[in-house]
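To start, the structure under review is shown below, and the notes come after it.
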Amino acid sequence: MKIAVLKESASGETRVAATPETVKKIVGLGHSVTVQAGAGEAASAPDQQYKDAGAEISAEGGIGAADLVVKVRRPTDAEIAAIKPGAGFASLLEPYGDRGAVEALAKAKIDALAMEFIPRISRAQSMDALSSQANLAGYRAVLEAANLYGRAFPMMMTAAGTVPAAKVFIMGVGVAGLQAIATSRRLGAVVSAT
């Protein structure tokens with residue numbers, strides 16, 4: 001199977017659909033992978049790492065010959081036009097945000113998979129894009145809060161006196177909330193949640 005990994009075009013998007021590590025595994029299974037030049041730059045994965053993993057680097061990403069095209073976000077109209085009919089496309093499609101992209105994929109006879117609709121069950125856990133991103137969001141939220149807080153999170157005892165630990169309140173204890181609780185505790189805060 002020929003797989004194309006496209007560079008993200010959405011403003012501010014720094015993720016990439018395949019890392020050099022996953023490309024190496026895919027190539028090891030006997031598939032060929034073409035990565036669009038610069039696709040991993042924003043995610044700190046330069047083209048050379050993809051080459052070392054066995055991928056081919058191409059300006060257009062090999063989109064026209066690919067049996068499967070992967071991207072983090074939904075495709076542009078130009079990308080949809082370049083994908084051959086019958087090929088697969090997998091990404092976070094956000095179909096409720098842009099029904100037009102989903103209809104364009106269907107009209108072009110492209111088999112699209114919205115990664116956010118994969119069931120959140122044990123068998124599909126390795127493909128659960130939402131949980132992995134929520135986990136990172138919970139972690140990042142606490143780091144951002146700690147930066148804005150302006151003081152240390154843990155209790156500090158100094159010669160000048162004691163600085164009490166920060167009190168952190170987490171609203172929601174789903175995947176993101178649980179990671180926020182763990183990160184806050186690791187930073188030394190007194191944590192409560194609902």
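If we scan the range 103-111, do we find a residue that is at pLDDT below 95 and either within 25 Å of T14 (Cα to Cα) or open to solvent by less than 40 Å² (accessible area, probe 1.4 Å) (or both)? No, the range 103-111 has no match at all.
Filtering G64, G54, G97 for residues that are of a type in the set (G, A, S) and within 30 Å of A180 (Cα to Cα) leaves a single hit, G97. The number of residues in the range 131-155 being open to solvent by less than 80 Å² (accessible area, probe 1.4 Å) and either closer than 16 Å to E116 by Cα or over 23 Å from the mean Cα position of the chain (by Cα) (or both) comes to 11.
The single condition among (1) surrounded by 17 or more Cβ atoms within 10 Å (Cβ to Cβ); (2) within 20 Å of K24 (Cα to Cα) that R73 does not satisfy is (2). Applying the set (1) in contact with a helix residue (DSSP H, G or I) (Cβ under 8 Å, 6 or more places away or on another chain); (2) open to solvent by 70 Å² or more (accessible area, probe 1.4 Å); (3) not aliphatic (A, V, I, L, M) to E116 leaves exactly one unmet item: (2).
Being within 22 Å of L113 (Cβ to Cβ), buried (at least 19 other Cβ atoms within 10 Å of the Cβ) and in contact with an Asp or Glu (Cβ under 8 Å, 6 or more places away or on another chain), is that true of even one residue in the range 40-50? Yes, because at least one residue in the range 40-50 is within 22 Å of L113 (Cβ to Cβ), buried (at least 19 other Cβ atoms within 10 Å of the Cβ) and in contact with an Asp or Glu (Cβ under 8 Å, 6 or more places away or on another chain).
The criterion of at least 2 residues that are within 24 Å of K109 (Cα to Cα) is met by the following strands (runs of 3 or more DSSP E) wholly inside the range 1-75: 2-5, 32-36, 68-70.
Cβ-Cβ contacts under 8 Å between residues 6 or more apart (or on different chains), taken from a first residue in the range 32-55 that is at positive phi to a second residue that is open to solvent by 10 Å² or more (accessible area, probe 1.4 Å) and among the small types (G, A, S), are listed as G54/G28. For the range 76-102, the tally of residues that are among the acidic types (D, E), open to solvent by 40 Å² or more (accessible area, probe 1.4 Å) and not in a loop (DSSP other than H, G, I, E, B) stands at 1. Scanning the range 119-129 for residues that are in a helix (DSSP H, G or I) and surrounded by fewer than 16 Cβ atoms within 10 Å (Cβ to Cβ) gives S122, R123, A124, Q125, S126, M127.
Whether a residue is without any contact (Cβ under 8 Å) to a residue 24 or more places away in the chain and either in a strand (DSSP E or B) or not charged (D, E, K, R) (or both) was assessed, and L113 does not pass this test.
The values are calculated or read from the model by the stated rules, or taken from the named source; none is laboratory data. On a predicted model such as this, the values are computed, not experimentally measured, just so you know. With ideal geometry, Cβ positions are generated from the backbone for all residues, glycine too; neighbour counts draw on all protein chains shown. Calculation scope for accessible area: heavy atoms of the full protein, side chains included, ligands and nucleic acids excluded. Shrake-Rupley method; radii C 1.70, N 1.55, O 1.52, S 1.80 Å.
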